[in-house]
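Below is one structure, written out as structure tokens; the observations come after it.
What follows is calculated from the coordinates using simple rules that are stated; it is not laboratory data. Computed from a predicted structure; not experimentally measured. All Cβ positions, glycine included, derive from the backbone under ideal geometry; neighbour counts span all protein chains shown.
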Amino acid sequence: MASDSMEKVYSVGKWIDEPGTEEGSKRYQQTLIEMRQLVGHDWLKETLVRSGSIRILDVCGGWGIAGVALSKILREQGKDTDLTVLDLRRDMEKSAKTFGAGEIGAEPEFIVADATCLGELGKKFDIVLLWGMSTSHFSPWDMTRLLAGVSLNLEDHGLLLVEEADRIYTVFIQSGYQRVFSEGASEEKVVISLHSSYDPRRGMFKRLIIDLLEGGKATDEFHFWGLADAAQAIWAFFKDVDFVPRDRYRGVLIAKEPRMGVDLRAFLDSEPAMLKK
């Protein structure tokens, strides 16, 4: 991983949305609203009728806000749920379990792992979530591995739900890509990020994140997905993909039924020649 650990990146960036904080509570309440709308989608309704207990995997889940919200809504409708949260940040585990226990009456299982290693999980789920606009952390190559891993861990009728925004518009057109960007400015937090480099083979922008008050720094990498780009990548692994808009450029991509005829292991166990140079 070319960038620093996610624990360090989030520590320096101070992007705080932990449940119990003002920002975290707002995010959770908004996610509850969106999950209530999503369970009305035909594909969700079909999955809920087909399955008894709904097994949910929240990838890059952090505190499990999305997984807990969906579990809560389904339990309100009389469905049993089994929630697993997967994240690279080991320091999230205790808070995620406490939050889950408080909201749905059961601690989620927490797995510390890289999302591109889902192929090694060896479990089956009915619904996989990728929430929090997390796709920007994955290069197109890594997204291929992530989707292959998701497909291996979904039931034949399974669904993938991805919260997504069109960053071609929001980052490059609407605001213009900024070489220097304020990540937050207040009496408690003054954090900026600076463009460092771009890797055309991997499609990744590297940025240096600096805490101007405490002096901490970290590097992180981003791929700015367009909505159509993300949907097309998902469609290559799923039989159909739909979009539930929040507005014209943001919303949730829903994919159903992984294409089991695809040689998924080939994407997980090999690397293209252009990345070896």
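Here is how the numbers come out for the structure above:
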{"item": "Gain in span if fully extended, Val49 to Gln30, counting 0.36 nm per residue against the direct Cα distance", "result": "4.3 nm"}
{"item": "Residue order, fewest to most surrounding Cβ atoms within 10 angstrom, among Phe238, Phe172", "result": "Phe172, Phe238"}
{"item": "Point-charge dipole on Cβ atoms (K/R +1, D/E -1) for the chain, about Cα centre, debye to 20", "result": "480"}
{"item": "Cα gyration tensor of the chain - equivalent ellipsoid semi-axes, whole Å, descending", "result": "29, 24, 18"}
{"item": "Contour minus Cα-Cα distance for Met260 and Ser182 (0.36 nm per residue)", "result": "23.7 nm"}
{"item": "The stretch 73-93-the stretch 207-245 distance, computed between alpha-carbon centres (Å)", "result": "22"}
{"item": "Order of Arg201, Arg89 - criterion: other Cβ atoms within 10 Å of each residue's Cβ, fewest first", "result": "Arg201, Arg89"}
{"item": "Rg followed by Dmax, in Å, when the stretch 1-122 is reduced to its Cα trace", "result": "14.9, 45"}
{"item": "Computed E for Cys117/Gln232 - FRET, C-beta separation, R0 25 angstrom, nearest 0.05", "result": "0.60"}
{"item": "FRET efficiency, Asp199 to Val244 (Cβ-Cβ, R0 41 Å, nearest 0.05)", "result": "0.80"}
{"item": "Selected from Thr84, Phe172, Gly149, residue furthest toward positive end of dipole (the stretch 75-199; charges at beta carbon)", "result": "Phe172"}
